[in-house]
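Report on the structure given below.
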Amino acid sequence: MAASMGTLKPFRQPIIENVDPAMSFQSLSFASSQLSGDKLMSPLSFCSRRFSSNKKAYHKRAAIMVSPKAVSDSSNSQTCLDPDASQSVLGIILGGGAGTRLYPLTKKRAKPAVPLGANYRLIDIPVSNCINSTISKIYVLTQFNSASLNRHLSRAYASNMGSHKNEGFVEVLAAQQSPENPDWFQGTADAVRQYLWLFEEHNVLEFLILAGDHLYRMDYEKFIQAHREAGADITVAALPMDEKRASSFGLMKIDEEGRIIEFAEKPDGEQLKEMKVDTTILGLDDERAKENPYIASMGIYVISKDVMINLLRQSFPAANDFGSEVIPGATSIGMRVQAYLFDGYWEDIGTIEAFYNANLGITKKPVPDFSFYDRSAPIYTQPRYLPPSKMLDADITDSVIGEGCVTKNCKIHHSVIGLRSCISEGTIIEDTLLMGADYYETNDDKLLLYAKGSVPIGIGKNCHIKKAIIDKNARIGDNVKIINIDNIQEAARESDGYFIKSGIVTVIRDAVIPNGTII
């Protein structure tokens, strides 16, 4: 499929008038892109980069003035990517490491497969953001306990991504050993490097690097458009940050064009003060900029394809991590590394406490921290075809209830109840996350368990559970109290079926808590 190539001109977003409302911007956007043979060419290729033989002597070019609109996420701005994201962007979601800080939730599953918000899993967030941003070619890189993640992704997305016009996919790439790479993934950059041979086969302009354990809603098309308009080699998503939280993050310093010139990992004292920036450059108003004089990296990047290949194979062939090695290294050799402001809710679900707070945050009123009810950008997941939840004489307040639950004459307050949860009469549940179950047990199954002196899946009679996480398929007997009665902050009681981290009791998946237990 060839087209004649005229002189390439700087891309200007078209003004479209008298358009049939039935026609989408996406159907219009590819018409003005240019093709050379089978290779996709961006209208911004006039500012293509050339690498000299000296890795440290990067080809310099004139500075590009960038308006705040080009470097800031705004709900009012519109995108008209050319070529569109479905054709020109490859999504790469990094599954993360062993998830030791989320243990025991990661005991039998990868971190992105951890259940979230009653019906979902963490991986549904970046995948849904991609789908809502028309990015349909998605790889998920994993290394630990990937069986449940593979199963979820295949059931949720395998048959829904492609069409006769779009060869979309969500595919898991597990760490593997080969003669060229005898080791497992050593970090984020190393994981991408080991599969670079596969990624470079795709005829795209940019790679979108995402994390599989963040909770947020983001339009990646705006992110990619800002990258192209700025003529950037790399664009880093950045959060505005106040001084109180800033020392817990990797911070960045920018110049008057929004270009990143310095990095600092969790600075404090004088070093922290030196990282202050004028965030009005990125589009914040004066008042918000005064409250948030720092910007923190979200660990989300748009990287031009040719730049990624050069960085990982030539400039930094031994670098293992994007955030601490590759991105700072790219600025040091003169590449244009741009900041893109994301001024919305974002949470790194890296610890038990963060995971607990993020889940209970969806019950907040009048406006939750994160909403699953946004029709313009829905969060997708595996269709399970479960029956509606049934509440029998239950008193439920300020809570979210998943599909297929049965609650009988119990009280539930400020809690998230996962799918297939069964809660018996007389039980009180407060400030708690129940993940639910993978299957139902029949009445015959339950009678057999009672006869053996065992406990059915779910929550028994007359229990009291407060400030806890109950993992899937847990069996909580009758008259059990999980209330951290001694206010213990840290404890590892794996043989007893639970851990305590940051004062939050976490009952392990498949654990059995006998009748009358008090925790």
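Just so it is clear, none of the values below were taken in a lab; they were calculated from the coordinates. All values reported here derive from a predicted model rather than from experimental measurement. Glycine also receives a Cβ, built like all others from the backbone with ideal geometry; neighbour counts cover every protein chain displayed.
What the table below lists for this structure:
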| read-out | value |
| --- | --- |
| ³J(HN,Hα), Karplus 6.51/-1.76/1.60, whole Hz, each residue of the stretch 486-491, x for Gly, Pro | 9, 6, 6, 8, 9, 7 |
| Fraction of beta bridges assigned by DSSP in the stretch 85-362 that are antiparallel (%, nearest 5) | 55 |
| Residue-wise HN-Hα coupling along the stretch 477-483, computed from phi with Karplus coefficients 6.51, -1.76, 1.60 (Hz; x: Gly, Pro) | x, 6, 6, 8, 10, 10, 9 |
| Globularity index of the stretch 85-362, i.e. its alpha-carbon radius of gyration over 2.2 N^0.38 Å | 0.98 |
| Karplus-derived 3J(HN,Hα), 6.51/-1.76/1.60, for each residue of the stretch 197-211, Hz, glycine and proline x | 4, 7, 5, 6, 6, 7, 7, 10, 9, 9, 9, 9, 9, 10, 9 |
| Local electrostatic count at Leu153 - Lys and Arg +1, Asp and Glu -1, tallied over other residues with Cβ under 10 Å | +1 |
| Sites Asn320 and Tyr439, calculated FRET efficiency, Cβ-Cβ separation with R0 35 Å, nearest 0.05 | 0.30 |
| Binned Cα-Cα distances of the stretch 385-513, short to long, each 5 Å bin given as a whole percent | 3, 11, 21, 27, 20, 12, 5, 1, 0 |
| Mean-position separation - Cα centroids, the stretch 93-133 and the stretch 376-416, in angstrom | 21 |
| Charge dipole (the stretch 357-425, unit charges on Cβ, about Cα centre) - positive-most of Ile401, Ile379, Ile362 | Ile379 |
| Entries in Lys305/Lys501; Lys364/Lys452; Lys365/Lys467; Lys365/Lys501; Lys408/Lys467; Lys408/Lys472 that, when Cα-Cα distance is taken, lie over 30 Å | Lys305/Lys501; Lys364/Lys452 |
| Around Ala191: net Lys/Arg minus Asp/Glu count, Cβ-Cβ under 12 Å | -2 |
